[in-house]
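The next block holds one structure in the form of structure tokens; read it before the comments.
Just so you know, all these numbers are worked out from the coordinates, no wet-lab data involved. Please read these numbers as outputs of a predicted model, since none were measured by experiment. Glycine also receives a Cβ, built like all others from the backbone with ideal geometry; neighbour counts cover every protein chain displayed.
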């Protein structure tokens, strides 16, 4: 069976897909985890112009931990033919302050992305499920070098 590459990519392209320019834009795509009582890790896959290709929950964790590995994050990015990703997870406690594990995992993801030539643009931690959600962008805070 012969596959036409241009036809194969049509599934990934979303007409009028939102462009993710700011952490707020990314957080607006995270409705599925804002009110979760367990940690969930979400990957936004983006094209070369930062248009959203997909928003996927890659792991669901415990009350205070979400186990994630680069293979889950970048498997989706490769399948979706993404140029970049934004990582997000929630802290059900309401406090978006990154833990030492959050920082370690982010650094690991950035390095894995460099190897695969898929940019990790940010890691956002969402702390609250109300309309005035608190969140921290590790990029904007300068916590991790992207």
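Couple of notes before you dig in:
- Residue exposure sequence - 24, 39 - by fewest surrounding Cβ within 10 Å: 24, 39
- Order by protection proxy (mean Cβ within 10 Å, highest first), peptides 84-92, 41-49, 27-35, 53-61: 84-92, 41-49, 53-61, 27-35
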